[in-house]
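Worksheet: one structure, shown below.
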Amino acid sequence: MALISEHADPMGAAIYDYHKYGIADVLRVFSSQFEEDEIPVSDLFRDLEDMPELEQVALKMAHGRILDVGAGSGCHSLALKKMGKGSVAIDISPLSVEVMQDRGLDARLVNLYDEDFSEQFDTVLMLMNGTGIIGNLDNIPTFFARLDHILAPGGSLLIDSSDLRYLFEEEDGSLMIDLADDYYGQLDYQMQYRNIIGESFDWLYLDFNTLAYYAEECGFTAELVHEGDHYDYLARITRA
Ligand code: SAH
């Protein structure tokens, strides 16, 4: 998916409504692996105080020239701004970018994988299951190649994810995972807002060890910075 079409941008439409009217309809999420779910749109507009601790830690650590990847409503960039730190926010959702610009942010309609985007940053932020944007395991080398292009010398990526193993754990702690299947964190998602249905896309959850393994394969080092209460964590990735 290069950029999202303005007419098939369910999350952007939800963000747009919430920004404009202070309220939004239900944002539905479908997956072939799971039951239908919902994303509370107000959560996408969370303030610093309402953010999970690992996001607050990431924002405190961010410094220098900062890139907020997949910035959504711009909640992290706005929190950074309040802390006196500037950032560039990118997203593939035209409506989200419009909202972020309206909120006074330096927001651009850019796909992280677009090689024309070659500015360099000291801190790259990818939050709210930031590994999602990697999509699937096969795309990991491409992701790290892009990271290598946009990270300034000495720069770091702050990225969060969760280990989805708890979804497959039996009561006795054993895992109900078929080793012949794809990695258990590899999901497909599709969203709907009102009558707007987006395209289906791959969304990757990575446990820390798997992330660290691939980071090393690609010439980077991953460090576990903070662990949340529910199999979630924040990692800092730098060039090895
Ligand atoms: N970081 C925000 C939003 C997370 S939702 C928050 O924490 O609230 C993920 C966002 O990433 C969506 O807005 C989606 O449009 C965007 N996105 C997905 N793939 C992308 C890509 N390749 N490049 C840039 N943004 C992307």
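Taken residue by residue, the range 148-156 has at least one member that is open to solvent by less than 10 Å² (accessible area, probe 1.4 Å), under 17 Å from Ile237 (Cα atoms) and outside any strand (DSSP E or B). Please enumerate the residues belonging to the range 14-51 that are open to solvent by less than 60 Å² (accessible area, probe 1.4 Å), closer than 24 Å to Lys82 by Cβ and part of a loop (DSSP other than H, G, I, E, B). Within the range 14-51, Gly22, Ala24, Arg46, Met51 meet the criteria. Does Ala145 qualify as being in a helix (DSSP H, G or I), out of contact with any Asp or Glu (no Cβ under 9 Å at 6 or more places or on another chain), at pLDDT 95 or above and buried (at least 19 other Cβ atoms within 10 Å of the Cβ)? So Ala145 does not fit the description; no. The residue that is farthest from Val225 (Cα to Cα), among those in the range 103-125 that are touching a Ser or Thr at 6+ places or on another chain (Cβ under 9 Å) and among the aliphatic types (A, V, I, L, M), is Leu109. Note on the range 170-221: among residues that are aromatic (Phe, Trp, Tyr) and outside any loop (DSSP other than H, G, I, E, B), the one that is nearest to Ile4 (Cα to Cα) is Phe201. Filtered by the rule that a residue be near the ligand (Cβ under 9 Å from one of its atoms), in a strand (DSSP E or B) and open to solvent by 10 Å² or more (accessible area, probe 1.4 Å), the range 70-97 gives a lone residue, Asp91. Among the residues making up the range 200-229, those that are touching a strand residue (DSSP E or B) at 6+ places or on another chain (Cβ under 7 Å), of a type outside the set (Gly, Ala, Ser) and touching a residue at least 24 places away in the same chain (Cβ under 8 Å) are Phe201, Asp202, Trp203, Leu204, Tyr205, Leu206, Phe208, Leu211, Phe220, Val225, His226, Glu227.
Among the residues making up the range 27-69, those that are within 12 Å of the ligand (Cβ to nearest atom) and of a type in the set (Gly, Ala, Ser) are Ser42, Ala58. Out of curiosity, is Asp114 farther than 23 Å from Ala14 by Cβ, loosely packed, with under 15 Cβ neighbours inside 10 Å and within 9 Å of the ligand (Cβ to nearest atom)? Taking the combined requirement at face value, the residue satisfies it. For beta carbons closer than 7 Å, sequence separation of 6+ or different chains, a first residue in the range 117-133 that is within 11 Å of the ligand (Cβ to nearest atom) and a second that is of a type in the set (A, V, I, L, M) and open to solvent by 20 Å² or more (accessible area, probe 1.4 Å), the qualifying pairs are Phe117/Val110; Met126/Ile133. Scanning the range 126-138 for residues that are outside any loop (DSSP other than H, G, I, E, B) and either under 25 Å from His226 (Cβ atoms) or modelled with pLDDT under 95 (or both) yields Met126, Gly130, Thr131, Gly132, Ile133, Ile134, Leu137. In the range 78-90, the residues that are within 18 Å of Gly130 (Cβ to Cβ) form Cβ pairs under 6 Å with partners that are surrounded by fewer than 19 Cβ atoms within 10 Å (Cβ to Cβ), at six or more places apart or across chains, as follows: Ala79/Leu48; Val88/Asp106; Ile90/Arg108.
The values are calculated or read from the model by the stated rules, or taken from the named source; none is laboratory data. A quick note: this is a predicted structure, and the numbers were derived from the prediction, not measured. Please note: Cβ atoms are built from the backbone with ideal geometry, for glycine as well, and neighbour counts cover all protein chains shown. Surface areas here come from the heavy atoms of the whole protein model, side chains and all, with no ligands, DNA or RNA. Shrake-Rupley method; radii C 1.70, N 1.55, O 1.52, S 1.80 Å.
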